[in-house]
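Colleague: My questions will all concern the structure given below.
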Amino acid sequence: MSPQAPSTQTSPSTVPPSVFTLPQTAQLEALYTIIRDKDTSRGDFLFYSDRIIRLLVEEGLNHLPVLPKTVETPTGATYEGVGFEGKICGVSILRAGEAMEAGLREVCRSVRIGKILIQRDEETAQPKLFYSKFPQDIASRYVLLLDPMLATGGSAMKAVEVLMDHGVPEERIIFINLIASPEGLRTFCGKYPALRVITGWIDQGLNEKAYIIPGLGDFGERRHVLSIAHFGSYLPFSMVRYCA
Amino acid sequence: MLNSCDDRESVMDDDLLSTQAGTSQTAASPQLRPNNDLSIQPKKNTILVSHGRPPWYSEDGTRISDAFVVAVAGGSASGKTHVARQIVRSLGSIPTVIILSQDSFYRRKSPEEVELAHKNLVDFDHPDAIDMPLFASCLADLKAGKQTNIPVYSFAEHQRLDETKYLYGASVIITEGILALHDPALRQLYDLKVFVQCDSDLMLARRIQRDTKERGRSVDGILDQYLRYVKPAYDNFVRPSASHADIIVPGSNNHVAIDLICTHIRRQLAERSNRFRQKMAIPHQYLSPGDVTPPDVENLDLIVLPQSRQLKGIFTILRSKSSSRQDFIFFMDRLSTLLTEYALQQLPHRPKTVMTLTEVESHGQELDAEYVCGISILRSGGALERGFRRVMNNIPVGSLLVQSDGKTGEPLLFQVMLPVGIRERHTAEKAWVFLLDAQIGTGAAAFMAIRVLLDHGVRQDHIVFITCLVARSGGVSVLRRAFPAVRIVCGEVDDHMREGWLEGFKAEGNPEGDGRMVWVMQPGMGQIGDRYYL
C-alpha cells in the first residue's frame, strides 16, 4: 500500500505530514460503506472492520525498519531480501481499541499487547488515566497504538503521554486508526509531530456532541454489542456481565 | 488418483453427479475413483476417465478440435449399450468418454400423461416422446467443448426431474438410443453413425428376459406393450434410420465390427492430434533453457502488489529454505490475504448511500458484481485459500486438479469441481472468477484453468488470477498473448526459469529413472504445495 495516497473523501486542506492514509480505492470505500451502514449485521460489522484493521496494521508495519538479508531458496538460488528489525508490541485504548487486537494478531502472530483505560474526568472534563498494563520492556519496543475512532484526539493524546512516561520515544509510536476527524488529526499531530498516524479514512468533521460525521456510531458498542439497540438474537455471557 | 497409469480407468458414478448438480452451493463433482478391474458399469450417462485430459487448445488459447461423436442406434434390446461399452473398452486409454443416453431426453409430461404412463399407455418409442431439440443442443454444446446440463428423467415417476446433470470435457462422446439416428439435427453432429442390427425375435426374447427379471413385469404386459408401441416404432422409425448409418453392426458376436469401429476412431483421433501437436500449448515447446531476453515486467501487464518493506520481508521468509513450516504457513496466509485484498480492487463498484448510526447520510460504494467465486488450481493453489477466505468469506470456492504428465510434461486435467454458478452457462457469463495458484512458471496449469473457464462461458475480462510469483521468462508471455484480458495479480516477479529435477532427486542424470525434469523458477520459493501441506 502506498503511504502517500491522499484522502479523496473530504480532502482537508492540510493533512499533517505524519499522517498516512490507505489508498482510497473504491473497494476500501465499499468496506467503509458496509461498516457505516446502521443496518449492517454485527457479523458483517466484525468481518469487514477486521478486513480494514488488517490493512491498517499491514500499512503501519511498513514504517518499521528492516535490514538487508540474503537467503538461499529451496531451488539453490540466492534472494536479496530483508529481515524485520526491532521488537514491537500493541497497546489498545480500552474499550474500542481492544476490538482491533484480533486483526493485529492475524498479521503479527502472538504479539504482546498492553492495555490502557482512559476516561473523561467528570470534574475537570479532561481525559484521565484509569488503568494501564504494559509489557515490562515497552521502552525498547515499537508501539502500535490502537484506537478505531479519532474524534477530538483527547484520549489518544493522553495515551501517548502515558507511553512516553514509560520511556517510549514519540517517534517509535505508530497510531493505528480506522476513522479520523480532521480536527482530531490537527490537534493530535500538532502535539506529537514525530508520531506516525495510519488512518483508513478522514471524515468530514465533528458534530456538536463531538461525534465523527458521518462516522459509524460507537465502534466499541457495535463490536461488543453493548447497547440494547444492537443486541443480536443472543447475548454472549461475557457481554451480559459487561452490561450489568 | 494422481497416478497416470495409462490403462487404469476410473468411473464417475452418474447418481453421485446428478444429486450434486442442482443443490449445494459449491457443488462438487464426484471423485474420480480408480477402478482396476476395468469393469464398466452399464449405466447411462457415464463419464469415463482414464488418465487425465491433455490440452485441447493451442498456444493462442483457442480450442483446436471438437469432441468425436459416435452415435449408436438400434432396436430396443438389440445390444446398443453393449456395443457402446465394447467401444469404450477397446479404445483403452482415451482421456474422457461421455456416454449420452437418449432416455434422459424424454419430454416433460403433464399430470394426465404421467397417469397414463403408469398404466403403460404412453408410447415411449415414438420420436415425439423425445425432446430432440434439447438433445441436439446439449450434444452440440458438449461436442464444442462447452459444459452442458442434461435433464434427468425418472422412470419411477415417469417424469423429468427438476435437477439436471452437469457434463463437461469429453474428447469422445457416444450417444445411444433407439432413435439416435432419427433426427436430422442430431445426425449433423455425428462423426460416426453405428446401427446395431438384430433380429426382431431375438430382441423380443431379450426384452422379455430383461423386463421380467430386472423390472418384475408380467410377460403379458410386455407383449402388450411390444405389439402396441415397440414393434410399430421399430418398423416405422428405428429400422428405416439404419439407412443413415456408416456401419451396421450385428447385435452379438460382433468383435470384428467393434474392432473396425475402434480402429477408425483411433485413426481419426490420431490424425487430429498429429495435425495439432505443433500448435499444442505444452510448456517445453515454448520454453527453452537459453531464453536470455525475458520480456520486461511492463510488457507483461501484470498487477504487482506495491513493493513495501513488509512485502519484501514476507517474501524473504517464504523464499528462504531454512524457514520453518510454521513460519511458511503463517506468512503464506498473510501474503494471500494481501493479494486477495489487492485483487478485489479489480472488481467494479457503484455508488451507494447509507445511513449511519449518527443519523447522517454517508455516500460510499458497493461491489457491483452479481456472482463472484473462487477456483483454486490444486494442489498449490490451495495454499492461497485461507487468505482468500479471510477476505471473501461467503463465496463458493471450487477447484481444478491439474498435474503435469511425468513423461511429456504436458498438463493433464484430472478433476473439475466448479461452483454451481459456473456450471450453468447463463450465470457463468456474468460471473467474476478469482483463479488461485501459488505461482505462474510454465503457465501450463494457468492456461488450462483459464481455458476451462472460457469453455464454460466466463468472460475473459472477468477472470482475475491471483498468484504469489510470476516468472517473466516463463509461460506468462504465452498466457498474456492468448488471454490478454485476464488480469494477473502477483506479489513479486522472478527473472528466470531453469530446468531442474524435481526435489528429492539429487543425482545428476537421476539413476533411479523415476524423477522427472521440471521447470523451476529462479530464485523461486520451491514447491509451494509441499512446503504448505507436507
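The values are calculated or read from the model by the stated rules, or taken from the named source; none is laboratory data. Values in this document were obtained by computation on a predicted structure and should not be read as measured data. Virtual Cβ from ideal backbone geometry, glycine too; neighbours counted across all protein chains shown. Protein only, heavy atoms only, side chains kept; ligands, DNA and RNA dropped before computing areas. Shrake-Rupley method; radii C 1.70, N 1.55, O 1.52, S 1.80 Å.
Let's see how each residue does on (1) crowded, with 16+ Cβ neighbours inside 10 Å; (2) part of a loop (DSSP other than H, G, I, E, B):
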{"site": "A:Gln119", "(1), (2)": "no, no"}
{"site": "A:Val160", "(1), (2)": "yes, no"}
{"site": "A:Gly167", "(1), (2)": "no, yes"}
{"site": "A:Glu171", "(1), (2)": "no, no"}
{"site": "A:Ile179", "(1), (2)": "yes, no"}
{"site": "A:Val197", "(1), (2)": "yes, no"}
{"site": "A:Lys209", "(1), (2)": "no, yes"}
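Colleague: I'd like the residue in segment B:379-408 that is polar (S, T, N, Q) and open to solvent by 20 Å² or more (accessible area, probe 1.4 Å) and, out of all such residues, is farthest from the other protein chains (Cβ to nearest Cβ).
Modeller: The extreme case among them is B:Thr408.
Colleague: List the pairs whose first member sits in segment B:167-189 and is outside the structural domain of B:Leu413 (by TED's automatic domain parsing), whose second member is of a type in the set (Phe, Trp, Tyr) and assigned to a loop (DSSP other than H, G, I, E, B), and whose Cβ atoms are under 9 Å apart, counting only residues at least 6 apart or on separate chains?
Modeller: Between residues of segment B:167-189 that are outside the structural domain of B:Leu413 (by TED's automatic domain parsing) and residues that are of a type in the set (Phe, Trp, Tyr) and assigned to a loop (DSSP other than H, G, I, E, B), the close pairs are B:Gly169/B:Trp56; B:Ser171/B:Trp56; B:Thr175/B:Tyr190; B:Ala180/B:Tyr190; B:Leu181/B:Tyr190.
A quick yes/no check of all residues on (1) in contact with a helix residue (DSSP H, G or I) (Cβ under 7 Å, 6 or more places away or on another chain); (2) more than 28 Å from A:Glu106 (Cβ to Cβ); (3) surrounded by fewer than 20 Cβ atoms within 10 Å (Cβ to Cβ):
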{"site": "B:Gly421", "(1), (2), (3)": "yes, yes, no"}
{"site": "B:Lys430", "(1), (2), (3)": "no, yes, yes"}
{"site": "B:Gly443", "(1), (2), (3)": "yes, yes, no"}
{"site": "B:Val458", "(1), (2), (3)": "yes, yes, no"}
{"site": "B:Gly474", "(1), (2), (3)": "no, yes, no"}
{"site": "B:Arg481", "(1), (2), (3)": "no, yes, yes"}
{"site": "B:Pro484", "(1), (2), (3)": "no, yes, yes"}
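Colleague: OK, next. Mind checking which residues of segment A:86-141 are among the acidic types (Asp, Glu) and in contact with a Pro (Cβ under 8 Å, 6 or more places away or on another chain)?
Modeller: If the condition is that a residue be among the acidic types (Asp, Glu) and in contact with a Pro (Cβ under 8 Å, 6 or more places away or on another chain), then A:Asp121 is the only one that fits.
Colleague: Kindly establish whether A:Leu55 is touching an Asp or Glu at 6+ places or on another chain (Cβ under 8 Å), within 8 Å of chain B (Cβ to nearest Cβ) and part of a loop (DSSP other than H, G, I, E, B).
Modeller: When the stated conditions are applied, A:Leu55 does not pass them.
Table: residues versus (1) at the interface with chain A (Cβ under 7 Å from one of its Cβ atoms); (2) surrounded by fewer than 23 Cβ atoms within 10 Å (Cβ to Cβ).
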{"position": "B:Ser322", "(1), (2)": "no, yes"}
{"position": "B:Phe330", "(1), (2)": "yes, yes"}
{"position": "B:Ser336", "(1), (2)": "no, no"}
{"position": "B:Arg350", "(1), (2)": "no, yes"}
{"position": "B:Ile377", "(1), (2)": "no, no"}
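Colleague: I'd like the residue in segment A:61-111 that is in a loop (DSSP other than H, G, I, E, B), over 18 Å from the mean Cα position of the chain (by Cα) and at the interface with chain B (Cβ under 7 Å from one of its Cβ atoms) and, out of all such residues, is nearest to B:Ser320 (Cα to Cα).
Modeller: A:Thr73
Colleague: What's the number of the condition B:Cys373 fails, among (1) over 18 Å from A:Phe45 (Cα atoms); (2) part of a helix (DSSP H, G or I); (3) under 26 Å from the mean Cα position of the chain (by Cα)?
Modeller: Failing condition for B:Cys373: (2).
Colleague: Okay, next question. Looking for something in contact with a helix residue (DSSP H, G or I) (Cβ under 8 Å, 6 or more places away or on another chain), among the acidic types (Asp, Glu) and at pLDDT 90 or above - is there at least one such residue anywhere in segment A:13-33?
Modeller: Within segment A:13-33, not a single residue is in contact with a helix residue (DSSP H, G or I) (Cβ under 8 Å, 6 or more places away or on another chain), among the acidic types (Asp, Glu) and at pLDDT 90 or above.
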